[in-house]
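Below is one structure, written out as structure tokens; comments come after it.
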Amino acid sequence: MTLDFLSGLLLAAVVLIGGGYLASIVLAEPLKARLEASRARRGERPAKPERPAKPAPGANDHLIGAAGRVVDRDEASGEIRVRIGMERWRARVSAPGAAVPPVGAEVEVKAVNGRVLEVDEKRGDRTETPAEPGAAIRSAPSGPETPSPND
């Protein structure tokens, strides 16, 4: 075997493989269309289109009851972004017709629907805080004042 024969054999292999690859690209769509048409004539269901993977059922259920804070909102669509821990989640208000909470509001997760959280604004009992930081809260004396012995 000579070198010319081997190089010719290699060239033929490259041409055949490359030609087969190009033919598969060109003919793939028409073949798919013919296959779908023949399935429809036989009454078979068409193949399902590919969808993005959904999280496993219950994969994010651990978030129910978690508290978060609204970091962004879109009043037109009713969609908000909520930060829970170090993660940001898409969310919506769980009660239909409820107002969208403002940015900075604390919310609680009520349900998880795929990758979207359903939240309600947290409304806990609010305690009064002093007007100035570090100011002490003074209470009224509980009984009559007794004079000290040094008076």
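The figures follow:
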| item | result |
| --- | --- |
| Solvent-accessible area, 1.4 Å probe, carbon plus sulfur percent, for the range 4-117 | 59 percent |
| Three-way shape call for the range 74-124 based on the alpha-carbon gyration tensor, with the a/c threshold at 1.5 | rounded |
| Per residue accessible area in Å² of the range 15-113, where ligands, DNA and RNA are left out and the probe is 1.4 Å | 76 Å² |
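The values are calculated or read from the model by the stated rules, or taken from the named source; none is laboratory data. On a predicted model such as this, the values are computed, not experimentally measured, just so you know. Quick note on the areas: whole protein, heavy atoms, side chains included, nothing else; ligands and nucleic acids left out. Shrake-Rupley method; radii C 1.70, N 1.55, O 1.52, S 1.80 Å.
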